[in-house]
Structure formats: C-alpha cells, structure tokens
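Below is one structure, written out as structure tokens; comments come after it.
The values are calculated or read from the model by the stated rules, or taken from the named source; none is laboratory data. All values reported here derive from a predicted model rather than from experimental measurement. Cβ placement follows ideal geometry from the backbone for every residue including glycine, while neighbour counts extend to all protein chains displayed.
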Amino acid sequence: MKLLYGRGWLLPGRGWLLVGLFLLIAVAPFIPGWLVFLLTIAFAKGLVVLGVVLLLRGDLVSFGHGLYYAAGAYAAGLALRAGLPVRDAAVLVLLGVVVSTALAAIVGLFLARYRGIFFGMLSVAFSMILYSLLLKLYWLTGGTDGLSVRVSSIFGLQPGAEYLRLAQYYFVLALTVGAVYVAYRLTASPLGYLMRAIYDNEIRVEYMGASVRRAIYRTYLLSGALGGLGGALTAITVGHIAPDLAYWTVSGEFVFVALLGGTGSVLAPLLGSVVFEFVRNYAFKLSPYTWQLLLGSVLLVVILFAPGGLWSIFERLARREPGETAPRKERRWALSWRR
Amino acid sequence: MGVVLETVAVSRSFGAVKAADNLSLRFAEGQVVGIVGPNGSGKTTFVNIVTGYVKPTHGRILFRDRDITRLRPREVTNLGIARSFQIPQLYTHLTVLENMLIALSVQERRHWEFWRPLRLDGRVEAALRVLDQFGFQDGADQRVSTLPEGGRKVLDVALSFALQPSVLLLDEPTSGVSVDDKFGVMDTLMRVVKESGVTAVFVEHDMDVVARYADRVLVFAEGTILADDRPEAVFANPAVRAHVLGEGV
Amino acid sequence: MEQLAIVGLDGLVFASYLFLVSAGLTFIYGVMRILNVAHGSLYGLGAYLGAWLVLRLWPGGTSGQGPLNPALSYVVLLLAALLVGLTVGPFLERVFIRRVADRGEVIPLILTFALFLILDDVMKLIWGVNPLLADLPYSMLGSVSLAGVNYPRYPFLLTGVAALAGGLLWLIVNRTRFGKLVISVIADREVSSALGINVPRIYTFAFALGAVMAALGGAFIAPMISVVPGISIEVIILAFAVTTIGGLGSVGGAAIGALLVGVLRAAAVHYAPEFDLFVIYALMTLILLVKPRGLFGGVEVRRI
C-alpha cells in the first residue's frame, strides 16, 4: 500500500517533506515560546484555510468559514462551561469537529445549490447569524467577554505548566499532519478530481452522469470539518474564545490567506498561514495601524501579479519539470472565476 | 432488432420558431443514423431534447420503453444515452488521461470515492486502453488545452463512449476539423462505434461523411423530417436535393 | 402607540444611512458587476472627514463658536462627502478595480477587500483611534415633540438627505443623457461598447456616484455617532444584507431593503433586543434561500 500517490504536484518531493516535518518536530524545544505559539496558531488556522481551499478548487469561495471556525471553538468552550467532566484536549477537539461537521451537513444542503458571489453571500449570511447569536445571547455564550477554554490534559497526558505550550504545539502539529493527509487523499481521489472537473466544466460533469451538487456537498462536509478542527485547536491553544471568530472579517482573512498561499497544493494553505501570522506579528510590532495596510497591499500584489499565490512562486523556485509546472501555472493565470 | 430509442410526436418551439414539429422517430439497436439539414432545421435541438437539456412542449421520449421526457441530462446519461458536443466539452486544465479516468470512474459509479486515488494502476490501464481505441497512443499525459481541434473532438466522443451508453449522440463530430483530418476522425470514431454495436446518431453537415458511414439518414427541415431512408435513396430524392443541397432552386 | 411611533422613527433613521450606503453599493454592482467591499471605507472616510472638518472649524463644539456660521456645518458635511466620493472613488476605480473588472465577480470582490483593509489603516493613521464626536450639527437642530415623545430633529435631516440623494440618483439615471448611457451599459456592456459608448468612463462615473452616496451616508451620520475605526466594518456587512434583500442592482430594492432592515431592527431593539442583529441576517439568509434575486432583483442567480 502506497502512502503517497500522484506526480508530486500536490506535495513537494517526498524527501523534502520528511525533512520539513522533521525540522518542525525537532526544532520546537529550542525556539522561543512566542514563536512556538505563533506556529501553533498558524497551523490551526491553516487548517481552516485548507477547508476554504478545498472549495476554491471547485470554484467556490466561502466567505463565511468563520461559521465553522466559531462552531468548533464554541463547541469546546460551551461544553467546558456546561461542566464537561473530561477536560481533555482530544475530547474537545473531537467535539468541535463533530459539531461543525453536523452544521456543515445542514448548511451544505442549501449552500451546495449556489455558485459565485451568491454562494459567498449566503455563506457569510450563515456565519453572521451565528455571530449575532454568540454575541447577544450572553447568558449562554458569555457575549463579548467570551469564554475561557482551559484544558487539563491532552490525550490523557498532563504536561507541566512549562511544557504546556510545547505540548499544544505537538498536539496541533500531529493533527495538522493528519488533516493535511486526509485532504491530500481527497484531492488525489475521484471526488477530488471531480471538483477540479466542476471548476473546469460543470456542464460536462452533469453530462457524464455525476451530480455536481452532491460532489460539492461532500467536499463541503470535509471543508466544514476542517474549519471546526481549526477552531477547536485555536480555542485550546489561545485559551479564550469570543464571538468575533464568526465575524465576516475573520472569514475574509481565511480567504485572504487561501489566496496568499495559493490553491496548488494541500500544503499551500499552511505555508500561507505561517507567512501571514509572521507578517502580522512583525507588522503589528512596527505599528498597530499598519499591519492591515501591509497585508492588504500584499493581497493586492498577489491578485494583480501572482494569482497562484506563494505556492506557485515556491514551485517555480523549486524548478519542477516544465510538464508539471505548466499545468498549474496556466490554470492559475486562467483563474478568472468567470461563470 | 429492438427499438432502443423512440420519440413520440415531440414538438418544441422557441418563440415563433418551431425547432421540432411533431417528430415521431424510432431508432433500432445498433443502427448508425446520420442527421442532416440546413442550419436552424432543428438538428441540435433534437439532440438537446433527447438528452434532457431542453424539454419538449409536446410529446414524449422513450428509451427502451421507459418515458424519459422529464429527466435531467444527468439522469438521461445514467440510463444510457450519452452525447458529444459541437464544441468539445472537456476538462481543459486536466490531461487527456485524467479526463478519461474521470469518465471511467463515473461510469463505474466510483466517482464518490474520496480515499483511494484516481490513478490506480488498474484504472490507468483501462483508461489507456480506451484512449488507444480512439487513437491516442502517446498523448495521454498531454494537457487537453494543447490538443488540436481534431484531437479534442475525438476525445469528447471517447469520453462519452467510455460511459458505455446504449445510444451515442454525436453533435457534428467533424465540424471545425480540417478537411484533411475529417475522414481520419470519422474513420476512428465509426470503427469504434461499429465494433461495439452501440446505436449511434450523428448530426452532420458534410454529406460525404454521412453517405459513407450511415445506415440511415434523417433529413431535417424546419423542425420536421423531410426524408428518412438509406443514404443513396435520400440523396437521390429531388426534394432533399433542393432543400439541403440547394440544387434546382 | 408611542412605542410603535418610536420604532418607526428609529427604523427610518437607521434605514436612511443604510440606504445611502447600500444604494451606492447596489448601483455600482448593477453597472460594473462588482461588489465593492471598500464601499464601507468610503462611508468611513466621509464620516471621518466630515467630523474632522466640523471639529476643526468649530472648535467650540456644541456652543457653535468658531470663525464661521454654524449653519454652514451642514454644507461642510456635504462638501466632505463630495470630496471623498469624487476623489477617492474614481482613484480606487481607475487604479485598482479596473484591472480586475474582467476576471469575474469574485476576484474583484477580494481586491476591494484588500483595498478595504488598506483604507482602514489609512484612516487610523490619519485620524487615530480615538472617537471623533462632532455633534454640533446634531445639537443645533434640537428636538421636537412627536407622538408625546421628545425626538431629535437631526435624524430627519438625515432622512431628507437620503431621500434627496436617492431622488437625484434616479433623476441622473433616468433623465440625463449620461444616465441613458448608464442604463445601456447595465443592460449589456459589450453591445454598449460596440455602439461606441465609452464604457470605462461610464464605469468611473457610476463608481463616483456610488462613492458619493456612501460618503454622504458617512458624513451625515457622523454628528449622531462617535466616529471610530469600526464603523466601516459594521456598515459594509449591513449594506450587503440590505442589497441582497432588495436585490443586487436595484436602487429601489435598496430603499425597500433598507426600510425593512431598519424597521425590523428597530422593532427587535425594542421588543427582543437579543435578536436585533439576528433578524437582519436571518432575513438576508431567508431571501437568499427563497428569492435569491432579492425582492426587486434583476440579476440572474447562479444555482442548480
């Protein structure tokens, strides 16, 4: 049984992958705590972005993924508040994923019928509904104060306070690797190719006898699950959640990072997320009033000059065989979103 | 040989234009039928109606005695009627092989799999075999956007054929193909069609092509059938010659 | 009875500035097929510039002390709006938005989102994050007794501005030569171009019109609120809701949508305050599910 298929356009050479993973594992105990924290958050949010990217590959832009991000986070938070006896990270994350997937199963029934900006508008509408409920039902959700999310164990293990940050990092890293692998299998599978076919020629898909709506729905389920996973992981890592998680600007940020990273690989969202968090961190230190300026400008540059995102630049630098770069490059320059 | 496809008094208007006027036709299993007629005579509308893309205002369509009039294209395809397009509808950003793999996975109803990869060795072999039948010996890893027009048309038909339909509708399979390639393309397509015994209905403008490959020719004119016979008989018919070939007018 | 009157009045006020922003947004969409997220920034800029100018020219605050007649403060607000709408608007359109106008609907949306982010920081850099309270125009008008309640007069000015602006927009589109060209472009941009209409110029013109409307909304709401960085973020999502409800491309729809949203919210604030935001987005969702083109929509919805 082979673990990795495909021509490598989904992932860089397997050697590099292992090196990268090894680095991520080995380096962590030796870098400063704030950096570990930054990476942890970047991975967690990167999972949400991965969910957005899975839909982007089918020509759908989810401007409301904050719905799942918040749902996963609040599933964990509310469970704790309601007195969940097991304050274990793994349990909370599972809860978050289950809740957000269930939500996606319902919302997806409606959303899978739409395209283009109407898909975007409806998805943001759903997320704003959740936001308005999280914000105003303060007796239930804590309102603007939010809820604290404090776990006492991870998979039953109880790291000491000084190792908590590191333990969270490895926990998130492990789940990220797992989730990315699942997403990878999806993109290499018939369903994954069907999504690309839908992006390319929806009519032909129907004329082949495959239901476009069902393909989108199933992909949407995984996309929602990833959003919830990212949300729960963020909740646990940060330790506190607020209704903002469902606000449209947060969803917009996920779309931003998706485009920044690119859609050419399941790793691209993570790359984009890490770069985003780094830039935001440093830009904020420079001046709290310029990080949006900087990031907005970066997005402008990406849209106008590098629509394939950072990943396409990365691929070009890695100098793949022309036969492999050509498809991805041409595809992205043709990324007209026209319907 | 049984009747595999039948239209019963099918009519369809677009505003004042009668694209289909009381069409009652029967297609027998294994027949190769050519449809000719001037532009706007209703040929493509006929294909659209049969495949469910357009609904007739009157009449029914029966596929193996089953009423498929109200079905959507996807359902019609799943029952066994596949079509190719005048402008080839392909997944241009994917390779020829990937296009075929997708078609085969849908045919096998395995297109919902999300864990096992598309490119399993067995499947790739099967895809290459089908592509080979249609003359794609080496180009399987080419991206479709780099294919010449003839190649695209053949691939379009190949994808529909891969669905193992009972009835294959070809909408102008040689239009846009250069004169040199026309017969090559049709030879390839018809060879596969005849070998497989699928019922084929193809819309064509080129009379030579029709004369060479069809068992039966339907001549469309303003939504009705002007003639329905073997090619030799049809092309000898003076009314046909006047209307379609413009002779003696 | 008083309650209903207050709900109605509150709703009307809320609807007024929402209409100004949404009308511009939906108009631009109708002409250019672009949903402009940066519309919220134009609103914010109008508010900031208007508030700042009023505070500068009348440093005495509500006492009205300053070099000029306080009655001119309304003119100042109007001028601020016109300045923002007629400079920033066309600038954004010509330098940025135009480049992606042919890449469908989603890419331009994301581009305008990037512009929104940039402008948000620009406003913070220029005016800081402390609230601007320029309530001179508001307090000057005092209040009036309506249905037994003391109601401030200023909101009616806002409503008047909204109605006037809406009317002017209608006039421009339906009664001027330029307007006829705009209608032609809305109907079919390619044919219009083939007919010799300078489509890019119409785009800039339409965008400027929409921008002025947004800036008017901002400038004239400023005396009623404390102008802070968050107002752009809040307003744009509300404007999306209104234009969706009314129908993208329909200014009349924006008016009805704004009224609906305004009254609905006012009612919620009075009777079920926990749901004052919820009702707006629930309505938006409902419309998208049931009548996606909106109440007066003219745009084809892509769905299967």
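Scanning region B:106-146 for residues that are assigned to a helix (DSSP H, G or I), acidic (Asp, Glu) and more than 8 Å from chain A (Cβ to nearest Cβ) yields a total of 3. Going residue by residue through region A:148-159, is there one that turns out to be in a helix (DSSP H, G or I) and small (Gly, Ala, Ser)? No, because not a single residue in region A:148-159 is in a helix (DSSP H, G or I) and small (Gly, Ala, Ser).
Each row is one residue, and each column tells you yes or no for (1) under 20 Å from the mean Cα position of the chain (by Cα); (2) more than 9 Å from chain C (Cβ to nearest Cβ); (3) under 30 Å from residue C:29 (Cβ atoms).
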| site | (1), (2), (3) |
| --- | --- |
| A:78 | no, yes, no |
| A:100 | yes, yes, no |
| A:105 | yes, yes, no |
| A:138 | no, no, no |
| A:145 | no, yes, no |
| A:157 | no, yes, no |
| A:160 | no, yes, no |
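Exactly one residue out of A:72, A:66, A:46 is within 14 Å of another protein chain (Cβ to nearest Cβ), touching a residue at least 24 places away in the same chain (Cβ under 8 Å) and surrounded by 24 or more Cβ atoms within 10 Å (Cβ to Cβ): that is A:66.
Look through region A:276-297, keep the residues that are among the hydrophobic types (A, V, I, L, M, F, W, C) and surrounded by 17 or more Cβ atoms within 10 Å (Cβ to Cβ), and return whichever of them is farthest from the other protein chains (Cβ to nearest Cβ). It comes out as A:276. Would you say residue C:137 is over 23 Å from residue C:239 (Cα atoms), in contact with a Pro (Cβ under 6 Å, 6 or more places away or on another chain), of a type outside the set (Asp, Glu) and more than 14 Å from chain A (Cβ to nearest Cβ)? Spelling it out, residue C:137 is indeed over 23 Å from residue C:239 (Cα atoms), in contact with a Pro (Cβ under 6 Å, 6 or more places away or on another chain), of a type outside the set (Asp, Glu) and more than 14 Å from chain A (Cβ to nearest Cβ).
Scanning region C:277-295 for residues that are at pLDDT 90 or above and facing chain A (nearest Cβ under 7 Å) gives C:277, C:278, C:281, C:282, C:284, C:285, C:288, C:289. Within the set C:101, C:81, the sole residue that is within 14 Å of another protein chain (Cβ to nearest Cβ) and either surrounded by fewer than 22 Cβ atoms within 10 Å (Cβ to Cβ) or under 30 Å from residue A:256 (Cβ atoms) (or both) turns out to be C:101. Inspection of region B:46-54 identifies no residue that is touching a strand residue (DSSP E or B) at 6+ places or on another chain (Cβ under 8 Å), among the hydroxyl-bearing types (Ser, Thr, Tyr) and surrounded by fewer than 20 Cβ atoms within 10 Å (Cβ to Cβ). May I ask you to list the residues in region B:58-85 that are in a loop (DSSP other than H, G, I, E, B) and crowded, with 17+ Cβ neighbours inside 10 Å? Of everything in region B:58-85, those that are in a loop (DSSP other than H, G, I, E, B) and crowded, with 17+ Cβ neighbours inside 10 Å turn out to be B:68, B:69, B:71, B:80, B:85. Scanning region C:119-132 for residues that are over 20 Å from the mean Cα position of the chain (by Cα), more than 9 Å from chain A (Cβ to nearest Cβ) and of a type outside the set (Val, Ile, Thr) yields C:127, C:130, C:131. Against the test of being among the β-branched types (Val, Ile, Thr), assigned to a helix (DSSP H, G or I) and touching a Phe, Trp or Tyr at 6+ places or on another chain (Cβ under 7 Å), the options C:97, C:126, C:118, C:107 yield a single qualifying residue, C:107.
Determine whether region A:82-90 contains at least one residue that is surrounded by fewer than 20 Cβ atoms within 10 Å (Cβ to Cβ), out of contact with any strand residue (DSSP E or B) (no Cβ under 6 Å at 6 or more places or on another chain), of a type outside the set (A, V, I, L, M) and in a helix (DSSP H, G or I). No, region A:82-90 contains no residue that is surrounded by fewer than 20 Cβ atoms within 10 Å (Cβ to Cβ), out of contact with any strand residue (DSSP E or B) (no Cβ under 6 Å at 6 or more places or on another chain), of a type outside the set (A, V, I, L, M) and in a helix (DSSP H, G or I).
All of C:252, C:230 fail the test of being at negative phi, without any contact (Cβ under 8 Å) to a residue 12 or more places away in the chain and surrounded by fewer than 24 Cβ atoms within 10 Å (Cβ to Cβ), apart from C:230. Of all the listed residues (A:273, A:223), the sole one being within 14 Å of chain B (Cβ to nearest Cβ), within 19 Å of residue A:47 (Cα to Cα) and within 12 Å of the chain's Cα centre (by Cα) is A:223. The residue that is nearest to residue C:217 (Cα to Cα), counting only those in region C:142-190 that are hydrophobic (A, V, I, L, M, F, W, C) and not in a helix (DSSP H, G or I), is C:144. Among the residues of region C:47-72, those that are surrounded by fewer than 17 Cβ atoms within 10 Å (Cβ to Cβ) and either part of a loop (DSSP other than H, G, I, E, B) or among the polar types (S, T, N, Q) (or both) comprise C:59, C:60, C:62, C:63, C:64, C:65, C:67, C:68, C:69. Listed conditions (1) closer than 18 Å to residue B:92 by Cα; (2) of a type in the set (Phe, Trp, Tyr); (3) surrounded by 24 or more Cβ atoms within 10 Å (Cβ to Cβ) are all met by residue A:220, apart from (1). Within the span defined as region C:129-139, every residue fails to be under 30 Å from residue A:251 (Cα atoms), buried (at least 20 other Cβ atoms within 10 Å of the Cβ) and aromatic (Phe, Trp, Tyr). Is region A:188-210 home to any residue that is under 30 Å from residue A:152 (Cβ atoms) and either within 14 Å of chain B (Cβ to nearest Cβ) or among the aromatic types (Phe, Trp, Tyr) (or both)? Checked region A:188-210: no residue is under 30 Å from residue A:152 (Cβ atoms) and either within 14 Å of chain B (Cβ to nearest Cβ) or among the aromatic types (Phe, Trp, Tyr) (or both). All of C:74, C:43 fail the test of being under 17 Å from residue C:212 (Cα atoms) and modelled with pLDDT under 95, apart from C:74. On the stretch given as region A:196-217, residues that are under 13 Å from residue B:112 (Cβ atoms), out of contact with any Leu (no Cβ under 9 Å at 6 or more places or on another chain) and of a type in the set (A, V, I, L, M) total 0. No other residue among A:94, A:135 is surrounded by fewer than 24 Cβ atoms within 10 Å (Cβ to Cβ), of a type in the set (A, V, I, L, M) and in contact (Cβ under 8 Å) with a residue 24 or more places away in the chain apart from A:135.
Identification of helices (runs of 4 or more DSSP H) wholly contained in region A:177-259 with 3 or more residues that are touching a helix residue (DSSP H, G or I) at 6+ places or on another chain (Cβ under 6 Å), among the β-branched types (Val, Ile, Thr) and at negative phi yields A:212-238. If you go through region B:174-203 and keep only what is farther than 18 Å from residue B:44 by Cα, touching a Phe, Trp or Tyr at 6+ places or on another chain (Cβ under 9 Å), free of Cβ contacts under 8 Å to residues at least 40 places away in the same chain and among the hydroxyl-bearing types (Ser, Thr, Tyr), you end up with just B:196.
The residue list A:235, A:242, A:246 contains one member that is more than 11 Å from the chain's Cα centre (by Cα), surrounded by fewer than 24 Cβ atoms within 10 Å (Cβ to Cβ) and in contact (Cβ under 8 Å) with a residue 60 or more places away in the chain, which is A:242.
Looking at region C:24-46, I want the residues that are outside any helix (DSSP H, G or I) and have a partner that is acidic (Asp, Glu) with Cβ atoms under 8 Å, at least 6 apart or on another chain. Which pairs are those? Partner pairs satisfying both residue conditions: C:33/C:105; C:34/C:105; C:35/C:105.
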